[in-house]
Amino acid sequence: MAIHRHDNHVSANAFMEWIDRRLPVTKVWNEHLAEYWAAKNLNFWYFFGSLSLLVLVIQILTGIFLTMHYKPDAALAFASVEYIMRDVPWGWLVRYLHSTGASAFFVVVYLHMFRGVIYGSHREPRELVWLIGCVIFVALMAEAFMGYLLPWGNMSYWGAQVIISLFEVIPFVGPELTEWIRGDFVISDSTLNRFFAFHVILLPLILIVLVFLHLVALHQVGSNNPDGIDIFENVDENGKPLDGVGFHPYYVVKDLVGVCGFLIVYLGVVFFAPDLGGILLEKDNFAPANSLQTPPDIVPLWYFTPYYSILRASTESLLFVFAIGSGLGGIAAMVFTKYDIKIKIAIALVAAAFVFIFLNSSGKAWGVILMGSALVCFFLLPWLDRSPVLSIRYRSMPFKIALAIFLVAFFVLGYLGMNSPTPMRTLVAQICTVIYFAFFALMPWFTSIGETKPVPDRVTYDEH
Amino acid sequence: MTDNHESEEHASDTSIENKKRRRFLTGITAGFGAIGGGFAVTPFVLSMSPSERAKNAGAPVEYDYSRIQEGQMIKVEWRGKPVVLLKRSADMIAGLEKIESNLADPDSLVSLQPSYAQNQARADSNKPNLLVMLGVCTHLGCSPVEKLALGPDPEMGEDSQGGFFCPCHGSKFDLSGRVYKNVPATSNMEIPPYKYEGDLIKIGEDEGRLA
């Protein structure tokens, strides 16, 4: 006897009837696949969500096979990776799939995030989908960073040294905290061993839970579309959106096309350029860790380089610019807004406090704070974006220009982070850092000015 | 009947009372549960601290410094960290004065060193040209690259008098390990405790000497 039957999903046959009474297979299938209505005009940008899921599966599967041969021991780790590459049958393929997969993960996730920004997928009512996604992004960075220590190459060693030292700037507890993270006074066997535990157990579990929540939150509010309009405003007599199609089979099949395209590029890299000229596997990591010798050009892998550039760009002269910026911002708020005089005085005091802090603190702590803030900015996006329309198709010109400038700054920061610092490059990185933060700080302003185009009632779709 | 009626009235009174009690007991239970949880987590958190083996690995190291030629630099390992031993030439020592206006902490006021090394050469005044220094950048712990040649250098700048350049984030130090202005690092590289015993230098132990 079924106690709760709030749904009217029809089981296909007697066997499914038996199952459905005990496990809601048909109900879940319908609600999340066959009758999960997605707008019929989703374009290629919508591939990257399901591709992220695919790469997660690839990483977990290849990771399982790598742990069968890898030794998480400072004396054995480097040699065990070489053993996988040379002696384990097909070991080279499993490892290249995993190492290339890490970079592929960030490629599809960055594109997935960009899709969200241009079509307003982070806006109401999808804020939690976006926030959970941001947490996934941070967890993914932690996963990638810890995984990078495991081969125990010289770049692994010094990369971990730099990033763990970031925590030293935390007041009072910093030095003890870094010792606790490393489990030693230097990066050592204990650090390697615990990073292995986090990389293969803790963070994959966290990622899987977060991805599940990301999907539950998405299916609660429904997928956005390139027009940024609500397809549930036009429904037929059964409540099915007129512009919607079932995720299965329509988008399952379409995403399979995306999978084919992805696999061509991904496997192309795996087979023909697994180190991609030192971008995916850095040449200094082909030498074992040496605690006495920092590699001549120490750089993180490409997906961290924009944030790494921001970290490096933080010197006294950048803080001076930030002090001027907060001073001007305070004056602008006093002169050009119509707030109450008390609020204006409060703003002026806060701005003055920031000017004082920027002028009287060291670049070292600020580098870490700015790098963290660069990530926090993404979390705030749903509330910084004030545009009356969601999709870039109907957005005003100021937004498009600002987004283009931001993209250029982001790529330049990424490029600079891959190269050794010179005074000229540091200056460019500082300019781009200012642009990066200005994009988020000024977003409430430039998204609310300029003329937006009229938004259609129904999605834009050409029969073909 | 009256009994029943009375008890019903009682029941509504006691049910409020019961609710309060229940909330109190739930709160107490949850509170003690949280404290117990805290105790349960502690051994796991502490298990990640440096182990006894790691703590014992900090013994001093010895090196025969007479083998170092003038202008030569070698690195020895102490507590897993590189220690720079650099025998500076007279030109190198003379260069320390010239770039002093470019330095952030020329007198080593906010930097870490034993009192006997708090001077321009940042070395024991008995052997001022031998620099004994942790080769660890005070920014994020990389090992700076030595730039022993005096004169213009693409990374150290036009008026370089030699020094150390950190490849990670571009911090610059002079040949005493003193940090330049306007670079990510803000203090001079650390000088470990050390003492001389004949031809040997013992790094990591100075028996608390002050000079």
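Just for the range B:62-100: of the residues that are in contact with a Lys or Arg (Cβ under 9 Å, 6 or more places away or on another chain) and of a type in the set (S, T, N, Q), which one is least open to solvent (accessible area, probe 1.4 Å)?
Per the criteria, the residue is B:Gln72.
Kindly list the number of the only condition in (1) part of a loop (DSSP other than H, G, I, E, B); (2) within 13 Å of chain A (Cβ to nearest Cβ) that fails for B:Phe164.
Against the list (1) part of a loop (DSSP other than H, G, I, E, B); (2) within 13 Å of chain A (Cβ to nearest Cβ), B:Phe164 comes up short only on (1).
Counting residues that are β-branched (Val, Ile, Thr) and farther than 30 Å from B:Tyr180 by Cα, which helices (runs of 4 or more DSSP H) fully inside the range A:284-388 reach at least 2? Spell out the reasoning first.
Numbers: elements: A:305-313, A:316-336, A:341-359, A:363-384.
Because the criterion is at least 2 residues that are β-branched (Val, Ile, Thr) and farther than 30 Å from B:Tyr180 by Cα, the helices (runs of 4 or more DSSP H) in the range A:284-388 that meet it are A:316-336, A:341-359.
Only one residue in B:Asp159, B:Asp105, B:Asp174, B:Asp153 is modelled with pLDDT of 90 or more and more than 30 Å from B:Asn56 (Cα to Cα), so which one is that?
From the options B:Asp159, B:Asp105, B:Asp174, B:Asp153, the qualifying one is B:Asp174.
When you scan the range A:283-312, how many residues do you find that are more than 28 Å from A:Ala365 (Cβ to Cβ) and away from every other protein chain (no Cβ under 13 Å)?
5
Please count how many residues of the range A:11-32 are surrounded by fewer than 17 Cβ atoms within 10 Å (Cβ to Cβ) and within 23 Å of A:Glu233 (Cβ to Cβ).
Qualifying residue count for the region: 2.
Any residue at all in the range B:102-111 that is open to solvent by less than 10 Å² (accessible area, probe 1.4 Å), out of contact with any strand residue (DSSP E or B) (no Cβ under 9 Å at 6 or more places or on another chain) and over 25 Å from B:Gly204 (Cα atoms)?
No: zero hits.
State whether the residues of the range B:155-164 include one that is within 30 Å of A:Glu179 (Cβ to Cβ) and buried (at least 18 other Cβ atoms within 10 Å of the Cβ).
So in the range B:155-164, the residues within 30 Å of A:Glu179 (Cβ to Cβ) come out as B:163-164.
Restricting the remaining residues to those that are buried (at least 18 other Cβ atoms within 10 Å of the Cβ) gives B:163-164.
Checking the range B:155-164: at least one residue is within 30 Å of A:Glu179 (Cβ to Cβ) and buried (at least 18 other Cβ atoms within 10 Å of the Cβ).
Kindly provide the set of residues from the range A:303-318 that are crowded, with 20+ Cβ neighbours inside 10 Å and not hydroxyl-bearing (Ser, Thr, Tyr), ordered by number.
If the condition is that a residue be crowded, with 20+ Cβ neighbours inside 10 Å and not hydroxyl-bearing (Ser, Thr, Tyr), then A:Phe304, A:Pro306, A:Ile310, A:Leu311, A:Arg312, A:Ala313, A:Leu318 are the ones that fit.
Give the residue, chosen from A:Phe137, A:Phe78, A:Phe114, that is away from chain B (no Cβ under 14 Å), at pLDDT 95 or above, within 30 Å of A:Ile231 (Cα to Cα) and open to solvent by 30 Å² or more (accessible area, probe 1.4 Å).
Numbers: A:Phe137 fails: open to solvent by 30 Å² or more (accessible area, probe 1.4 Å); A:Phe78 fails: within 30 Å of A:Ile231 (Cα to Cα).
Result of the check over A:Phe137, A:Phe78, A:Phe114: A:Phe114.
If I filter the range B:167-183 down to residues being in contact with an Asp or Glu (Cβ under 8 Å, 6 or more places away or on another chain) and charged (D, E, K, R), which single residue comes out as farthest from the other protein chains (Cβ to nearest Cβ)?
B:Arg178
Give me the residue from the range B:184-195 that is open to solvent by 10 Å² or more (accessible area, probe 1.4 Å) and touching a Ser or Thr at 6+ places or on another chain (Cβ under 6 Å) and, out of that set, nearest to the other protein chains (Cβ to nearest Cβ).
B:Thr186
The values are calculated or read from the model by the stated rules, or taken from the named source; none is laboratory data. Keep in mind that this is a model prediction, so the values were computed, not measured. Positions of Cβ are backbone-derived with ideal geometry, glycine not excepted, and every protein chain shown enters the neighbour counts. For the accessible areas, the whole protein counts, side chains as well, though only heavy atoms, and no ligand, DNA or RNA atoms are used. Shrake-Rupley method; radii C 1.70, N 1.55, O 1.52, S 1.80 Å.
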